[in-house]
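One structure below.
Read-outs: derived from the displayed coordinates by stated rules, not from any lab. Treat the numbers as computed from the prediction; the structure is a model and nothing was measured. Ideal geometry is used to build each Cβ from the backbone, glycine not excepted, and the neighbour counts take in all protein chains shown.
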Amino acid sequence: MNKEILSWLAPTVALLLSCGTAIAVAEPLYECSPVSPTSLTQSSTPRIEFRLQKPGTEAQLQVQQQMLARLLLQKTQISQTEKSIALYENRAAIEKTYQAIAALYEPTRLTSSHIKSADTASTFTPPSPWQSFTALDISVEFDDSGSETFSTLTKAIAGTGRTLGIFLNDRLISAPLVDAVYASTGITGGQAMINGNFTNAEVQELAPWLGLSLEPKTSKRK
């Protein structure tokens with residue numbers, strides 16, 4: 001089977017890979033919202049959904065994501081001051097922004113119920129003048145129905161500049177672009193890699209719902 005891997009834009013650059021070879025690089029549009037154990041436990045059953053970005057919302061999405069990044073930074077700063085009213089207002093603004101982002105996407109039939117299996121990979125980022133770190137990525141394999149839907153969805157947005165949003169409990173955690181090379185067939189093979197820089201705690205929370213292996217393989221991110 002021709003294995004196609006989609007590497008997601010969250011929060012680093014997106015690489016579209018075919019049989020392990022990079023064929024396109026998309027510059028990062030914005031930083032996607034981080035997952036946290038707290039957000040995962042807000043629902044008794046974490047639900048992953050793949051949604052299509054609505055046409056004509058590219059600029060709006062970028063604005064909302066930039067706003068979210070600022071609010072999350074403010075949250076960190078406010079938390080250190082222990083100002084409860086300011087923190088409450090900040091959290092309300094963050095939730096409102098999450099909802100505004102979700103409104104830019106339309107639901108599809110592809111959800112975590114179509115994920116047949118999942119695995120983790122420990123990705124080491126080579127040292128740079130700024131940082132080096134080891135993050136966890138999640139690779140998923142869809143069932144037959146999910147594989148067909150995934151191919152259809154990626155075909156629909158290939159080369160359009162719109163993204164395929166991956167949502168966890170209605171919060172956008174990753175937003176990949178699909179290269180125009182897939183415009184005629186979509187991404188086939190039924191497999192995708194979610195490059196989300198997940199922490200071990202986040203993977204621990206997701207593991208029961210995705211059947212994840214908690215012994216990650218290690219690879220190097222160039």
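Counting other beta carbons within 10 Å of each Cβ, put SER84, SER174, SER113 in order, fewest first.
Numbers: SER84 9, SER174 26, SER113 12.
Result, fewest neighbours first: SER84, SER113, SER174.
Taking Lys and Arg as +1 and Asp and Glu as -1, the other residues whose beta-carbon sits under 13 Å from that of ILE166 total 0. At full extension, ALA100 and LEU73 could sit 7.9 nm farther apart than now, given 0.36 nm per residue minus the alpha carbon distance.
One decimal place: the segment GLN66-ALA201 gains 46.1 nm when fully extended, by the rule 0.36 nm per residue minus the C-alpha distance. For GLY146, what is the net charge nearby, where nearby means another residue's Cβ is under 10 Å from its Cβ and Lys, Arg count +1, Asp, Glu -1? Net local charge, GLY146 excluded: -2. Using every pair of distinct Cα positions in segment 58-103, the Kirkwood expression returns a hydrodynamic radius of 10.9 angstrom.
Counting Lys and Arg as +1 and Asp and Glu as -1 over every other residue whose Cβ lies under 13 Å from the Cβ of ALA183, the net charge comes to +1.
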